[in-house]
1. If packing is taken as the average number of other Cβ atoms within 10 Å across a peptide's residues, how do 32-43, 74-85 rank, most packed first?
2. Starting from 0.36 nm per residue, how many nanometres of slack lie between residue 221 and residue 87 once their C-alpha separation is accounted for?
3. How would the stretch 24-233 be classified by its alpha-carbon gyration tensor: rounded, prolate or oblate, with rounded meaning a/c under 1.5 and the a/b versus b/c comparison settling the rest?
4. For the stretch 24-233, what relative contact order do you get, as a whole percent, if you take Cα pairs closer than 8 Å and at least 6 residues apart?
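Derivation of every value follows stated rules applied to the coordinates shown; laboratory data play no part. All values reported here derive from a predicted model rather than from experimental measurement. Cβ coordinates were reconstructed from backbone atoms using ideal geometry, including for glycine residues, and neighbour counts include every protein chain displayed.
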């Protein structure tokens with residue numbers, strides 16, 4: 001029985017590994033005013049946004065902020081502008097990525113002597129310093145399970161900070177990682193790899209779970225990336241089906 005349960009555990013894990021993205025991942029190139037949507041392992045949509053739209057948060061809608069905190073624009077999940085905008089103007093610059101938190105957004109600056117991790121309203125208004133980094137930030141993601149932030153800094157290293165700026169740990173993956181995003185459907189994280197136009201999936205301990213080159217993606221200056229916070233947990237129906245199969249197998253196992 002122990003061997004059976006161990007095999008079942010491995011089977012369930014493998015069922016969701018190497019499957020690509022379970023939720024839509026939105027990736028922004030503000031210099032080209034482009035936002036692409038990636039599902040699975042492929043680009044499925046491309047939308048026109050505005051110049052220097054980089055830091056992004058996604059919930060029921062998309063709020064795309066300006067790289068230099070000059071306001072933000074709201075889009076629906078089909079890439080249509082809703083007409084809602086917000087005002088920035090708090091003297092931040094080079095905000096290349098954003099993250100959706102609980103009632104707030106988080107951003108990260110690059111390319112200065114001191115680079116701030118910022119916190120703002122859900123529409124990117126009232127942006128302010130949360131804590132400072134000595135390195136340039138290239139990606140940021142909020143982890144709702146641990147109430148902490150994962151941040152990349154123009155390379156393969158990803159660091160985990162609490163919301164007071166205390167370093168909790170760090171690990172190295174591979175490539176030049178930007179656009180960090182938490183995927184609630186798998187309880188894992190994704191990053192865009194600028195080296196090979198690819199995506200890499202990892203867990204909180206720095207284990208690589210999946211990686212692939214995105215089909216249909218062309219070389220651009222992509223940085224901002226995000227997945228909707230608190231989206232529907234898509235693995236649940238499959239998990240139920242697998243559990244039913246497992247229970248049936250266990251009944252047959254007992255009869256032998």
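1. 32-43, 74-85
2. 45.8 nm
3. rounded
4. 19 percent
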